[in-house]
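The values are calculated or read from the model by the stated rules, or taken from the named source; none is laboratory data. Predicted model, so just to flag it, every value in this text is computed and none were measured. No Cβ is skipped: glycine too gets one built from the backbone with ideal geometry, and neighbour counts run over all protein chains shown.
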Amino acid sequence: MDNENNEKIEDIENTQDGQESPEAEKKFGEVSEEDIELAREAEPEDIKEDGPFDIKNEIIEWLESFVFAMFVVIMLFTFLFRIVMVDGGSMNDTLIDQDRLVLLHLNYHPERDDIVVINSTALNKTIIKRVIGLAGDKVVIDYNNNSVTVNGSKLSNEHIKAIMVDGGYFDRSYMTAQGVYEYEVPEGMIFVMGDNRNDSKDSRSIGFIEEDTVMGKAVFRLYPIGSFGKVD
């Protein structure tokens, strides 16, 4: 009797030990639908399968982006930049007639050697010149040796088109010697000249420029394409 019971117990144990789980019964390499679904759920969002292409939504999104971009451009050119055109040859050869320039005007304050656009009340038009002196500066122009000094420092002639000539039409009240003119720039004013100094109506003939008539600084040339780039 004991032997029979022992044999039955051994048979039950052998059966339990040899029983395999449903997962273990899968053949190697088999993938169930459940496995596929779990894998999809685990995929990162950026590699999950996209839904059907909706051209209407794509067009709406593109239009929204375009309108926003145009709004940003309009705001920039309303409050930060503006585009101006050079009229005349007083800044040759730095700038040429019909050049299109980008002007920086938001919170701008003139500095020496800046190229600025001015709403000239003396000439009743917009002009473009280079800043030579600021308020409190002493500007000396000597046509005898083709030199301009500001507070005793001689300026470079790298920008000027030709040797300066005293054409006789400058305000003689500033002449201290033959061919020598001295200017003390008043408060709130600047002194400007064109790079083409023999063909420029500037502070030598129309007087000092009020700072608040300066519209901004020329920073970039858009046209002609061959001269595209920074203005200096």
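Structure values in brief
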{"quantity": "Failed criterion for I96 (all others in (1) among the β-branched types (V, I, T); (2) surrounded by fewer than 19 Cβ atoms within 10 Å (Cβ to Cβ); (3) touching a strand residue (DSSP E or B) at 6+ places or on another chain (Cβ under 6 Å); (4) at pLDDT 95 or above hold)", "calculated": "(3)"}
{"quantity": "Matching residues in the stretch 109-130 - criterion: being of a type in the set (S, T, N, Q) and buried (at least 18 other Cβ atoms within 10 Å of the Cβ)", "calculated": "S120"}
{"quantity": "Test: residue in the stretch 147-163 that is under 14 Å from Y183 (Cβ atoms), aliphatic (A, V, I, L, M) and more than 33 Å from the chain's Cα centre (by Cα)", "calculated": "no"}
{"quantity": "Verdict on V219 being touching a residue at least 40 places away in the same chain (Cβ under 8 Å) and either more than 23 Å from N119 (Cβ to Cβ) or assigned to a helix (DSSP H, G or I) (or both)", "calculated": "no"}
{"quantity": "Of all residues making up the stretch 87-132, the number that are without any contact (Cβ under 8 Å) to a residue 60 or more places away in the chain and part of a strand (DSSP E or B)", "calculated": "1"}
{"quantity": "From G188, G133, G179, residue being closer than 24 Å to T213 by Cα, small (G, A, S) and surrounded by 13 or more Cβ atoms within 10 Å (Cβ to Cβ)", "calculated": "G133"}
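Residues checked against (1) surrounded by fewer than 16 Cβ atoms within 10 Å (Cβ to Cβ); (2) at pLDDT below 95; (3) more than 16 Å from G133 (Cβ to Cβ):
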| site | (1), (2), (3) |
| --- | --- |
| L155 | no, no, no |
| A162 | yes, yes, yes |
| F170 | no, yes, no |
| Y183 | no, no, no |
| V192 | no, no, no |
| D195 | no, no, no |
| V214 | no, no, no |
| G226 | yes, yes, yes |
| D232 | yes, yes, yes |
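Conditions tested, residue by residue: (1) charged (D, E, K, R); (2) part of a helix (DSSP H, G or I).
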position: N144; (1), (2): no, no
position: N157; (1), (2): no, no
position: K161; (1), (2): yes, no
position: V165; (1), (2): no, no
position: G168; (1), (2): no, no
position: S173; (1), (2): no, yes
position: E187; (1), (2): yes, no
position: N198; (1), (2): no, yes
position: D212; (1), (2): yes, yes
